[in-house]
Amino acid sequence: MTVNQRVAPQAFAEHIAHLVQVIPKDPEISRAAGLFTKTLTAGGVIQAFGSGHSEAVAMEIAGRAGGLVPTNRLALRDIVLYGDAPRAELDRYDLERDPAIARTILDLAPVQEHDLFVIISNSGVNGVVVELATLVKERGHDLIAITSRAHSEAVASRHPSGRRLADLADVVLDNHAPYGDAVLPLPDGGATAPASIGAVSTITSALLAQLVVAQTVSNLLEAGEVPPVYLSVNVPEGDAHNLRLEALYAGRIRRGA
């Protein structure tokens, strides 16, 4: 294979197309949807957290057109938006590696007894995600992880316990990203580590999130319930529909920055 073939956009598209065929066959998707369904039936909210690029997947779960209304997104910036941490804290390069931040995020969150947590982390080893997962389980909540088993198992945990996100979750959804995330190798240019392009984790993790939502909605419909689903705010009736449903979870879901 030539260099041009290895890094061609078509090669990336073919890799993604393969994963799109493989990932929906994962039986853990149905297990995750079962936890979603249990949570919604009990009046709970789905709490989603991701840092770095994984925050995009939390956004895919919480506040998304075609998604579930009883969802709330947690983020590193919550320590400033809802807490009293100085803005400069968000400039720390190691913020997501600091386990202490997790307790602050959780304590600031509008969490109730029946809420379910979805924590997204490709590596699954940084201090914030492992500590947040630990606290979530200590407080009795169900936990779903979206992570890369290949990457997580290839690196050491950055949490004092030595545990990884996958070690703590009730259900683990594997996004099938390789170690390092990117799938198209570049030629060796003398770098200390071989470089690749074409990261897949955001795409495949978003796919997993949407598959779980679709199965959850199917479960609710089969049970004779009306799924609380968002309309796009860019259709005429969207705002009125969404605000009416959001009012049912007043004080429990945040739609800020």
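The values are calculated or read from the model by the stated rules, or taken from the named source; none is laboratory data. Nothing here was measured: the structure is a model prediction, and the numbers come from that model. FYI the Cβ positions are ideal-geometry reconstructions off the backbone, even for glycines, and counts take in every protein chain you see. Surface areas here come from the heavy atoms of the whole protein model, side chains and all, with no ligands, DNA or RNA. Shrake-Rupley method; radii C 1.70, N 1.55, O 1.52, S 1.80 Å.
Distances between placed amide hydrogens fall under 5 Å for residue 183 paired with 197, 198, 199, all partners being 5 or more residues away or on another chain. Computed per residue of the chain from DSSP H runs no shorter than four, each worth -39500 (n - 2.57), the mean residue ellipticity at 222 nm is -11500 deg cm²/dmol. Normalised by 2.2 N^0.38 Å, where N counts its residues, the alpha-carbon radius of gyration of region 75-174 equals 1.04. Legend: Rg and Dmax of region 122-221, from Cα coordinates, 15.9, 56 Å. Each peptide in 229-237, 46-54 gets a packing score, the mean of other Cβ atoms within 10 Å over its residues, and the list from highest to lowest is 46-54, 229-237. Taking only protein heavy atoms and a 1.4 Å probe, the accessible area of the chain is 54% carbon and sulfur. Across region 172-257, the fraction of Cα-Cα pairs farther apart than 15 Å, rounded to a whole number, is 75%.
In terms of the mean number of neighbouring beta-carbon atoms within 10 Å, the peptides 113-124, 206-217 order highest first as 113-124, 206-217. Per residue, the solvent-accessible area of the chain (1.4 Å probe, heavy atoms of protein chains only, all protein chains present) comes to 48 Å².
When Rg and the Kirkwood radius Rh are both evaluated on Cα atoms of the chain, their ratio Rg/Rh stands at 0.99. Against the chain, whose longest principal axis is taken from its Cα atoms, helix 127-138 shows a tilt of about 40°.
Put a dot 7 Å past each Cα toward the Cβ at residue 150 and residue 92; how far apart are the dots in nm? Going from the residue 92 label point to the residue 150 one covers 3.3 nm.
Angle, helix 28-41 long axis vs. longest principal axis of the chain, Cα atoms, 0 to 90°, nearest 10? That helix lies at roughly 20 degrees to the long axis.
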